[in-house]
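To start, the structure under review is shown below, and the notes come after it.
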Amino acid sequence: MHSTMQDVPLSVRRLLEHGSTVHSGSRVLTAMPEGYTEASFAEVAANAARLAGALRGLGVGEGDRVATFMWNNQQHLEAYYAVPCMGAVIHPLNIRLPGEQIAYTANHAGDQVIIVDGSLLAPFTGLIPHLPQVRHLIVNGPADPAVVAGITGPEVHDYAALIAGQPDSYDWPDVDERQAAAMCYTSGTTGHPKGVVYSHRSIYLHSLAIALPDVFDLSAADCVLAVVPQFHVLAWGLPYTAFVTGCWLAMPDRFLAPEPLAGFVAAARPNKAAGVPTVWQGLIRYADATGADLSSLTEAVVGGSACPPSLMADYDRHGITLVHAWGMTEMSPLGTLSRPPAGARDREAYRLTQGRFPASVEPRLIGPDGSVLPHDGHSVGELLVRGPWITAGYYQEEPFADGWLRTGDVGLISPDGYLTLTDRAKDVIKSGGEWISSVELENLLMGHPAVLEAAVVGVPDERWGERPLATVVLKEKGSVAFAELQDYLAARLPKWQVPERWAFVDEVPKTSVGKIDKKVLRARHAAGELDVTTVG
């Protein structure tokens with residue numbers, strides 16, 4: 001027996017049409033050196049139509065890749081809709097990757113047109129000789145005329161001039177919902193970055209899911225500060241779910257340092273936010289030091305890497321709840337989000353987990369021998385996932401053999417569906433046959449009043465095979481002895497897990513999306529570049 005339900009394609013076009021009509025008055029706010037600009041969703045849709053017309057005039061057709069090299073702003077949002085809705089594929093380039101990796105991803109994706117913010121044009125020009133297939137460069141906003149004049153190769157256009165005079169409507173095609181709409185690349189911590197292609201269907205379903213009350217909890221009554229970059233897994237889907245729900249978007253553009261970001265919060269008055277821990281650490285330090293007005297914020301979703309409990313406590317003091325989330329580029333990115341269940345007695349314990357899986361994400365834990373482990377809150381294994389917004393394979397590579405994405409994360413799952421990650425598989429420290437969680441050590445160390453940041457890696461040890469090395473960044477004017485930090489950990493952990501090797505560092509190395517880059521620390525240790533002290 002077959003149903004008689006209508007089979008309407010789940011496409012980005014439907015999100016655009018809904019948001020620009022039902023929520024036509026909702027706004028996108030873009031930070032400027034002073035204050036911000038704003039545009040309605042109806043205006044964004046009209047400009048998206050103009051941009052699509054202009055791109056078609058430049059020869060962009062179905063399936064062609066249009067890249068962006070941009071901050072989070074109104075024009076980037078317009079491209080997010082124009083490109084997939086016309087049947088092409090939007091590819092936000094990660095502006096924080098090394099130049100050779102940016103060129104690799106643009107060439108691997110086959111980008112033919114790139115939209116570049118004027119403030120990023122000067123550094124981008126060094127990449128142009130390495131991008132032979134790029135035919136058109138579209139510059140958004142003011143740029144140095146000398147830089148523009150010096151560009152050879154692709155034809156250069158001004159964004160505003162290019163779309164001026166184009167019709168404010170476009171005959172959007174009805175694309176297959178399984179057709180590619182967007183693509184992002186992993187941050188390339190090992191080897192070349194890998195491409196992940198998102199379909200119209202996966203974006204549509206993901207946009208519905210993250211709006212749910214137990215996830216981002218978004219409605220037309222909200223204004224969300226999207227600090228997470230649009231090149232980082234499509235800003236976690238916020239540009240698309242905004243048009244589903246009508247929530248306003250506050251886009252910080254290039255003003256991400258604590259002072260201008262705090263000023264934007266005070267001016268735009270967002271009540272919700274999303275970003276990585278390093279951003280929230282800098283913002284709260286600035287607010288504590290200056291009394292900056294963050295009073296409009298009620299909660300912020302934190303993803304990209306584990307959020308230290310001490311950071312949650314810092315925001316609690318300001319009446320702002322940090323909400324843990326976990327996901328991956330391969331997952332669009334939503335995997336879990338941690339809101340305590342109704343009536344939970346130990347709400348803090350739930351908050352510190354990575355969170356609960358939504359209905360569309362199916363998890364599995366496997367042991368070293370490949371056996372499937374129970375979700376009993378005790379069994380630790382590698383996490384596998386599958387679902388309708390999780391990639392089945394990387395771009396131009398073979399699909400995953402068994403249909404499950406191996407996340408490379410190690411953890412446990414409670415009977416009520418909450419995930420606790422203990423480490424990345426490659427970062428777990430195996431000492432004398434026992435496992436030590438580097439994440440747990442880091443979180444505990446960052447709870448010490450003198451410690452700003454900490455990163456822990458495993459290093460070779462003749463007796464135990466491997467032992468933890470703790471690297472520590474002190475707070476300004478902070479002072480502490482390594483022996484005191486050992487005692488601090490020993491009061492909270494089995495003694496055999498407490499590191500003997502310690503080093504102070506000026507900063508913890510980070511990847512382009514704000515995660516601790518442990519391969520850099522391991523390499524610095526192997527090269528003898530860290531001033532390591534052995535205690536006890």
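The values are calculated or read from the model by the stated rules, or taken from the named source; none is laboratory data. Keep in mind that what you see is a predicted model, and the values were worked out from it rather than measured. Positions of Cβ are backbone-derived with ideal geometry, glycine not excepted, and every protein chain shown enters the neighbour counts.
Here are the numbers for the structure shown:
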{"read-out": "Candidate set: segment 350-402, residues that are in contact with a Leu (Cβ under 9 Å, 6 or more places away or on another chain), over 21 Å from G237 (Cβ atoms) and among the polar types (S, T, N, Q); chosen: the one surrounded by the fewest Cβ atoms within 10 Å (Cβ to Cβ)", "value": "S379"}
{"read-out": "Extreme residue, surrounded by the most Cβ atoms within 10 Å (Cβ to Cβ), among residues of segment 459-502 that are in a loop (DSSP other than H, G, I, E, B) and charged (D, E, K, R)", "value": "E500"}
{"read-out": "Yes/no for S371 being more than 27 Å from the chain's Cα centre (by Cα), small (G, A, S) and either outside the structural domain of K194 (by TED's automatic domain parsing) or at pLDDT below 95 (or both)", "value": "yes"}
{"read-out": "Qualifying residue in segment 46-63 (condition: part of a strand (DSSP E or B) and among the β-branched types (V, I, T))", "value": "no"}
{"read-out": "Members of segment 238-260 that are crowded, with 24+ Cβ neighbours inside 10 Å and either without any contact (Cβ under 8 Å) to a residue 60 or more places away in the chain or charged (D, E, K, R) (or both)", "value": "L238, T241"}
{"read-out": "Single unsatisfied condition, G291 versus (1) at positive phi; (2) in contact (Cβ under 8 Å) with a residue 12 or more places away in the chain", "value": "(2)"}
{"read-out": "Whichever residue in segment 261-300 is basic (K, R) and surrounded by fewer than 18 Cβ atoms within 10 Å (Cβ to Cβ) and, among such residues, is nearest to E38 (Cα to Cα)", "value": "R269"}
{"read-out": "Matching residues, segment 319-349, being surrounded by 18 or more Cβ atoms within 10 Å (Cβ to Cβ), out of contact with any Lys or Arg (no Cβ under 9 Å at 6 or more places or on another chain) and in a loop (DSSP other than H, G, I, E, B)", "value": "I320, M328, S332, P333"}
{"read-out": "Members of segment 165-186 found to be in contact with a Ser or Thr (Cβ under 7 Å, 6 or more places away or on another chain) and buried (at least 23 other Cβ atoms within 10 Å of the Cβ), listed by number", "value": "A181, C184, Y185"}
{"read-out": "Verdict on L97 being part of a helix (DSSP H, G or I) and in contact (Cβ under 8 Å) with a residue 12 or more places away in the chain", "value": "no"}
{"read-out": "Those residues of segment 182-223 which are part of a strand (DSSP E or B) and either closer than 25 Å to A359 by Cα or aromatic (F, W, Y) (or both), in sequence order", "value": "A182, M183, C184, Y185, V196, V197, Y198, S199"}
{"read-out": "A306, sole failed condition from (1) at pLDDT 95 or above; (2) under 27 Å from V513 (Cα atoms)", "value": "(1)"}
{"read-out": "Pairs, first at negative phi in segment 311-333, second assigned to a helix (DSSP H, G or I) and charged (D, E, K, R), C-beta under 7 Å, six or more apart", "value": "M312/R351; H324/R351"}
